[in-house]
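Please treat every number below as a calculation from the coordinates, not as lab data. As the structure is a prediction and not an experimental result, all values here were calculated from the model. Quick reminder, even Gly has a Cβ in these numbers, built from the backbone with ideal geometry, and neighbours come from all protein chains shown.
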Amino acid sequence: MTVSQLRELLLGRKISAEEILSAHLERVHSSQLNAYITLNEEALRAAQETDRRISSGEDLPPLAGIPVAVKDNISTKGLRTTCASKMLENYVPPYDAGVVERLKKAGAVIIGKTNMDEFGMGSTSENSIFGAVRNPRDPSRSAGGSSGGSAAAVAAGEAVLALGTDTGGSVRQPAALCGIVGIKPTYGSTSRSGLIAFASSLEQVGTLGRTTADAALLQSVISGPDPMDPTCVMKSEADLSPEKGGLLGLRIGVPEELFGDKISDSAKTAVMKALRFMEKHGAVLVPLSIPELRYSVSAYYIIASAEASSNLGRYDGIRFGHSSQDHGSLAELCRNSRSEGFGREVKRRILLGTYVLSSGYADRYYRRAAAMRKRLCAGFEEAFSSCDVIASPSAVGTAPLLGQQRTDPTELYTSDICTVSANITGLPAISFPCGSGESSLPLGAQLIGRKFAEKQLISAAFAFEELTGGFENVIRSGGV
Ligand code: GLN
């Protein structure tokens, strides 16, 4: 059920928040998906508080009694937050992230913390010390990553909504592979206070839901000012609920670079069909080119790794996090704690990031990537002179099988081609189901908008959803 359906049942006293929670927990307990790392023992109390409010006739906040899952790199006071890393395996934050404070104020029932790629580094949710997340549409496949646990939980009805984080596509890509909606908001629109940092200039907290309106409601709840995060530029709360007529006159740019040979035919065909459908319903398609997109994956992996090597420098085995028992000197303590605490991919990024920032190589790599970032921003700016939003597939194909041996890690990096540009430029983007490919697995379409144009993206996706009879219908029938 959607949030508004559940709310109606709650207000009509046809169901209690406690019953909603226990129905979801039952699914979690019988699930094979490995979507959760830790369940929240306070959830029952939060649900009972909603029921108390209802029986005493108090006004209900927007997410009252709604089970919401939270990615495990977002701090929750008193509730273990691991980043799926041995480094933080036993870390219990002393405070709530800004977005979690907002969730609680909105009455949400935080059901648990979701599995992910370690520190958000990965695209398949296999880089986790807690084991891989499985895709509810086919458990032999990946749920995508790095917010794979959040996407799987929502798609399987183990939560109504979920928070994810998106540094290079980690909300949109798992949303696409699990057949749900994912929103990556404009850089600066959500608080990152209490978000355990991976690449600070790229990441935002995003949302996942089974319908556009659900994801948009959660995004409205978490967007807004926070004095604890100086990069959060919001002056007031945002109302991101969809408006009618979102496709009428909408000029949709179609960049040739995001329909190239890196992307599977099934993804390209499904997205093009969806775009033609939108054209029939009032949108205007504008073929265009943003040549800088060709360098976006390279620029992303240089910038993200550089920032990761800096951000992860704080894990020294002394102040917090895993501390090695095997040490003599201070240097050994630090080295052994890091060797034992970080997984392979995290180490690779730290090495890569340290390398691209090191003297002699910074000019060759980091500064060139930073220059490319400016050019990519200019490329998008120019594109927006002839269109309102930019469309592409959300991922290069359908969900990959779990356990694929990859000898070359850059193979997986290139699969981020569709999503990283929105992070490099700070632009908002949405992914929504637009059809299905091999074995009826879902495919997603992405729309990228101008800064703070979330509502336009949401309204366009909502129009598509309404006109097609809902996303489950679109996935089941293979497309439009
Ligand atoms: N797949 C990308 C990476 O590994 C994006 C991750 C993310 O958005 N957190 O860096």
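Values as computed for the structure displayed
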item	result
When the stretch 204-250 is reduced to its Cα atoms, the Kirkwood hydrodynamic radius in Å	12.2
Alpha carbon centroid spacing (whole Å) that separates the stretch 458-480 from the stretch 96-150	25
Leading residue at positive end of dipole, the chain (Cβ point charges), from 277, 436, 423	423
Alpha-carbon spread of the stretch 157-197, three principal axes, descending order, Å	28, 20, 16
Local electrostatic count at residue 160 - Lys and Arg +1, Asp and Glu -1, tallied over other residues with Cβ under 12 Å	+1
Sum of side-chain charges, residue 208 neighbourhood, beta-carbon under 11 Å (Lys, Arg +1; Asp, Glu -1)	+2
The stretch 215-329: equivalent-ellipsoid semi-axes (sqrt of 5 x gyration tensor eigenvalues, Cα, Å)	41, 25, 14
Cα centroid separation - the stretch 159-180 against the stretch 356-399, whole Å	21
Contact order normalised by residue count of the stretch 369-466, Cα under 8 Å, 6+ apart, percent	32
Mean separation of Cα contacts under 8 Å (6+ apart) over length of the stretch 226-371, as relative contact order %	22
Translational diffusion coefficient (Stokes-Einstein; Kirkwood radius from C-alpha pairs) of the stretch 323-480 at 25 °C, 0.890 mPa s, in µm²/s	127
Cα Rg, Dmax, the stretch 397-480, angstrom units	15.2, 44
Convex hull volume per residue in cubic angstrom - Cα atoms of the chain	139
Hull volume in cubic angstrom per residue (convex hull over the Cα atoms of the stretch 154-276)	143
Along each principal axis, Cα extent of the stretch 268-358, largest first, Å	70, 26, 20
Cα-Cα P(r), the stretch 300-352, percent of pairs per 5 Å interval	5, 22, 28, 22, 14, 7, 2, 0
Average Cα contact separation per residue, the stretch 143-210, under 8 Å, 6 or more apart, as relative contact order %	40
Rh by Kirkwood over Cα pairs, then Stokes-Einstein D for the stretch 94-185 at 0.890 mPa s and 25 °C, µm²/s	188
Which listed pairs, of 184/451; 77/113; 77/104; 235/374; 77/105, have C-alpha distances above 18 Å, in listed order	235/374
Partner aspartates and glutamates for residue 347 [C-alpha distance under 19 Å; skip if fewer than 8 residues away on the same chain]	89, 117, 118, 126, 307, 316, 332, 408, 411
